[in-house]
Each structure stands twice: as structure tokens, then as C-alpha cells.
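Undergrad: For reference, the structure I am asking about is given below.
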Amino acid sequence: MPRRVYGGACCLMKMKAHLVHVCCLAFSLRSPYILKLYDVIESSQHIFIVMERVKGGELFDYILQKGRLPRQEALRLMAQIIQGKNIIVLTN
């Protein structure tokens, strides 16, 4: 008999376990290039994630608003993204 890959209690338990793992990892990360995770609150139907408020909004929205970024600004942003990714990879 085929087993459901998505949906059902088994999948929800795996998703919750993964979320707990990611939250534990995020609590331990400290870098100016990674959003800080302050708290995770669970109710019977929802999970609330309390994170650092970032001035300036989403990077995606910033790039859309600016259109084409100057080379130096694009390089600076890419360097910050790569540094944040490296911290996550080395921590995990």
C-alpha cells in the first residue's frame, strides 16, 4: 500500500521536528548578516516566530525598487549573503 508523502500526522510531526531543529540552530547564530530569532510561541493551531525587525525591509523589494544595482553595491550585498550562508553552514 502506498504511503502518503505529504499530509497526515506523520508528515506534520516531521515538519515540526525540522522546525524545532532550525529554530535551535537559529537561536545559536550571531552575525550582523543573519536575522536574530528571539522567540518561538506555539498555540494549538499556530506557531509564531518572533524575529529581529530590520530597517529597510526585504532585500528583494529593495532590488525591485532600485532596478539595476551598481556593481559595487551588488558585490557588497552578495558578500554579505555569502558570509551569512557560510556561518550557517559552519554552525550546522
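The values are calculated or read from the model by the stated rules, or taken from the named source; none is laboratory data. All of these numbers come straight from a predicted model, not from anything done at the bench. In this analysis, Cβ positions are derived from the backbone assuming ideal geometry, glycine residues included, and neighbour counts consider all displayed protein chains.
Undergrad: How many of the residues making up the range 14-68 are of a type in the set (F, W, Y), outside any helix (DSSP H, G or I) and under 18 Å from I82 (Cα atoms)?
TA: First pass over the range 14-68, keeping only residues of a type in the set (F, W, Y): 27, 33, 38, 48, 60, 62.
Filter again for outside any helix (DSSP H, G or I), leaving 33, 38, 48.
Subset that is under 18 Å from I82 (Cα atoms): 33.
Selection size over the range 14-68: 1.
Results for (1) surrounded by 10 or more Cβ atoms within 10 Å (Cβ to Cβ); (2) at pLDDT 90 or above; (3) touching a strand residue (DSSP E or B) at 6+ places or on another chain (Cβ under 7 Å), shown as yes or no for each residue.
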position	(1), (2), (3)
S31	yes, no, no
I34	yes, no, no
E42	yes, no, no
Q45	no, no, no
F48	no, no, yes
V54	yes, no, no
G57	no, no, no
L64	no, yes, no
